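Some notes on the structure that comes next.
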Amino acid sequence: MNNFEARDVDVVVIGAGQAGLSGAYHLRRVGLRPDAGFVVLDHAPAPGGAWQFRWPSLTYGKVHGLHALPGMELTGADDDRPSSEVIGGYFTRYEDAFGLRVHRPVHVRAVREGAGGRLLVETSEGPYAARALINATGTWDRPFHPRYPGQETFRGRQLHTARYPGPEAFAGLRVIVVGGGASGTQHLLEIAEVAAGTTWVTRRPPVFREGPFGEVQGRAAVALVEERVRKGLPPESVVSVTGLPLNDAIRRARERGVLDRLPMFDRITPEGVAWDDGRTVEADVILWATGFRAAIGHLAPLKLREPGGGIALDGTRAVRDERVHLVGYGPSASTIGANRAGRAAVREIRRLLDRGPAARGGGERRPVDQPAGQPAGKPAVVPG
């Protein structure tokens with residue numbers, strides 16, 4: 001087993017999507033220096049957050065409500081270019097403009113209690129000892145795969161929307177799309193143009209929203225998600241309570257019968273799916289557009305979860321540990337919400353740092369299990 005030393009920083013930011021970059025920007029604004037006062041760790045291979053993994057047919061013009069990062073607008077974007085290229089380029093320019101020095105690819109294995117009141121962040125590039133943490137890991141790494149009887153017998157292909165390759169892969173096939181969110185309807189509309197047939201299945205009847213969706217409606221939707229998080233329940237997405245916008249493309253698809261929804265099937269068969277009332281649908285592909293869960297497994301050693309299964313938050317701060325802030329989780333899981341949450345988290349973290357001993361910006365190294373302020377001895381061994 002090797003000996004490692006933990007590097008002292010005031011704040012570790014995990015994730016460099018919209019939420020992580022917002023937090024990093026505001027950390028710079030309050031005077032912390034990258035790689036000394038704070039460090040940003042991202043396991044993705046390039047800038048762009050989850051956007052870099054989006055399917056090629058999701059052009060920038062189809063993106064719903066992307067909010068600019070703080071301090072730099074996204075201008076002159078070509079609506080016909082893939083969103084992964086447009087937003088990936090925007091994030092690259094943003095990181096460079098503010099000198100955020102994102103470390104990538106870095107995998108965070110665990111966050112646990114360290115010495116001297118610090119958090120020990122165990123990563124693939126070595127451990128960090130932090131006074132505070134901004135967790136901005138999002139959901140893309142945890143696609144939700146429902147389980148149904150007979151699933152293993154299906155002779156066709158099953159894939160999650162996280163692996164959606166674009167509509168061309170479904171040409172001439174019979175496709176079942178499962179899920180009533182924005183991704184599911186986008187996939188369905190694209191696939192219907194080239195498939196031999198499509199079937200749309202959802203757990204609940206879809207709710208289509210007509211008319212404008214302004215600030216008042218947005219705040220009401222966020223409040224519903226916020227209430228769940230405050231109670232320590234797993235968050236539902238903001239989109240799940242806003243409904244689906246009834247635009248021209250949706251109207252045309254409804255007129256053509258593409259959006260004639262069926263209730264959730266009861267089991268999967270080798271040839272397709274079946275309901276207990278005797279109805280069956282044959283298929284070559286089942287596409288699970290069933291959403292994602294928060295990627296927070298690395299926080300498990302801190303025991304932040306409530307009996308309800310979620311992490312209770314007061315604003316962005318974890319109720320069970322004031323050093324930990326979750327941004328892009330629950331009510332802040334939208335681009336504008338992530339920006340606001342990043343600012344709010346840094347405001348509270350600054351207060352926390354001001355209360356403690358002056359240790360900001362040094363970037364000193366000390367053994368993992370050596371309390372701050374004690375002489376350095378032989379480096380301690382990080383438990384495997």
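The values are calculated or read from the model by the stated rules, or taken from the named source; none is laboratory data. The model shown is predicted, which means the values in this text are computed figures rather than measured ones. So basically every Cβ, Gly included, is an ideal-geometry build from the backbone, and we count neighbours across all protein chains shown.
Return the residues of region 166-185 that are more than 14 Å from Thr202 (Cα to Cα), surrounded by fewer than 23 Cβ atoms within 10 Å (Cβ to Cβ) and in contact with a Ser or Thr (Cβ under 9 Å, 6 or more places away or on another chain); say none if nothing qualifies.
Gly166, Pro167, Glu168, Arg174
List every residue pair whose Cβ atoms lie under 7 Å apart, where the two residues are 6 or more positions apart in sequence or sit on different chains, the first residue falls within region 32-61 and is at positive phi, and the second residue, located anywhere, is surrounded by 18 or more Cβ atoms within 10 Å (Cβ to Cβ) and of a type in the set (A, V, I, L, M).
Pairs found: Gly48/Ile87; Gly49/Ala16.
Condition test on Thr290, is it polar (S, T, N, Q) and over 30 Å from the mean Cα position of the chain (by Cα)?
Taking the combined requirement at face value, the residue does not satisfy it.
Any residue in region 147-172 that's on the phi > 0 side of the Ramachandran plot: show its pairings with residues that are assigned to a loop (DSSP other than H, G, I, E, B) and not hydrophobic (A, V, I, L, M, F, W, C) at Cβ separation under 6 Å, as long as the two are six or more apart or on different chains.
Sorted first by the residue in region 147-172, then by its partner, the pairs are Gly150/Thr269; Gly166/Pro56; Gly166/Ser57.
Given Glu85, Glu95, which one is assigned by TED's automatic domain parsing to the domain that holds Gly328, crowded, with 16+ Cβ neighbours inside 10 Å, under 24 Å from Arg29 (Cβ atoms) and within 20 Å of the chain's Cα centre (by Cα)?
Exactly one residue qualifies, and that residue is Glu95.
Restricting to region 47-67, give me the number of residues that are out of contact with any strand residue (DSSP E or B) (no Cβ under 9 Å at 6 or more places or on another chain), in a loop (DSSP other than H, G, I, E, B) and modelled with pLDDT under 85.
So the answer is 4.
Would you be able to tell me the number of residues in region 262-296 that are surrounded by fewer than 17 Cβ atoms within 10 Å (Cβ to Cβ), closer than 15 Å to Leu188 by Cα and either basic (Lys, Arg) or in contact with a helix residue (DSSP H, G or I) (Cβ under 6 Å, 6 or more places away or on another chain) (or both)?
0
Which of the following residues is in contact with a strand residue (DSSP E or B) (Cβ under 6 Å, 6 or more places away or on another chain) and either among the basic types (Lys, Arg) or part of a loop (DSSP other than H, G, I, E, B) (or both): Ala16, Ala36, Ala44, Ala24?
Testing whether each residue is in contact with a strand residue (DSSP E or B) (Cβ under 6 Å, 6 or more places away or on another chain) and either among the basic types (Lys, Arg) or part of a loop (DSSP other than H, G, I, E, B) (or both) leaves just Ala16.
Against the condition at pLDDT below 95 and not in a loop (DSSP other than H, G, I, E, B), how does His145 come out, does it pass?
Criteria not met by His145.
Answer yes or no as to whether Ala44 is under 30 Å from Leu189 (Cα atoms), at pLDDT below 95 and touching a Pro at 6+ places or on another chain (Cβ under 9 Å).
Criteria met by Ala44.
Scanning for something surrounded by fewer than 20 Cβ atoms within 10 Å (Cβ to Cβ), at pLDDT 90 or above and on the phi < 0 side of the Ramachandran plot, does region 14-23 turn up at least one residue? If you could, list the steps in order and put the result at the bottom.
Restricting attention to region 14-23, the residues satisfying the condition of being surrounded by fewer than 20 Cβ atoms within 10 Å (Cβ to Cβ) are none.
Checked against the condition, which is being surrounded by fewer than 20 Cβ atoms within 10 Å (Cβ to Cβ), at pLDDT 90 or above and on the phi < 0 side of the Ramachandran plot, region 14-23 yields no hits at all.
Just one of the numbered conditions (1) at pLDDT 95 or above; (2) farther than 20 Å from Ala274 by Cα; (3) not in a loop (DSSP other than H, G, I, E, B) is not true of Val194; which one?
Against the list (1) at pLDDT 95 or above; (2) farther than 20 Å from Ala274 by Cα; (3) not in a loop (DSSP other than H, G, I, E, B), Val194 comes up short only on (3).
Taking interchain pairs and intrachain pairs at least six residues apart, which have beta carbon atoms under 9 angstrom, with the first residue in region 307-329 and in contact (Cβ under 8 Å) with a residue 60 or more places away in the chain and closer than 11 Å to Ile296 by Cβ and the second surrounded by fewer than 19 Cβ atoms within 10 Å (Cβ to Cβ) and of a type in the set (D, E, K, R)?
These pairs meet every condition: Gly310/Arg228; Gly310/Lys231; Ile311/Arg305; Ile311/Arg320.
With the structure loaded, tell me whether Gly330 is within 23 Å of Val225 (Cα to Cα), under 16 Å from the mean Cα position of the chain (by Cα) and buried (at least 20 other Cβ atoms within 10 Å of the Cβ) or whether it fails that test. Steps first, answer last, please.
Working: within 23 Å of Val225 (Cα to Cα): yes; under 16 Å from the mean Cα position of the chain (by Cα): yes; buried (at least 20 other Cβ atoms within 10 Å of the Cβ): yes.
Yes, satisfied.
So that you can scan it fast, the table gives a plain yes or no per residue for (1) surrounded by fewer than 20 Cβ atoms within 10 Å (Cβ to Cβ); (2) at pLDDT 75 or above; (3) not assigned by TED's automatic domain parsing to the domain that holds Ala115:
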{"residue": "Arg317", "(1), (2), (3)": "no, yes, no"}
{"residue": "Val324", "(1), (2), (3)": "no, yes, no"}
{"residue": "Ser334", "(1), (2), (3)": "no, no, no"}
{"residue": "Ala345", "(1), (2), (3)": "no, yes, no"}
{"residue": "Arg355", "(1), (2), (3)": "yes, yes, no"}
{"residue": "Gly362", "(1), (2), (3)": "yes, no, no"}
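Residues checked against (1) within 26 Å of the chain's Cα centre (by Cα); (2) in a helix (DSSP H, G or I); (3) over 12 Å from Leu287 (Cα atoms):
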{"residue": "Pro149", "(1), (2), (3)": "no, no, yes"}
{"residue": "Glu168", "(1), (2), (3)": "no, yes, yes"}
{"residue": "Val175", "(1), (2), (3)": "no, no, no"}
{"residue": "His187", "(1), (2), (3)": "yes, yes, no"}
{"residue": "Glu190", "(1), (2), (3)": "yes, yes, yes"}
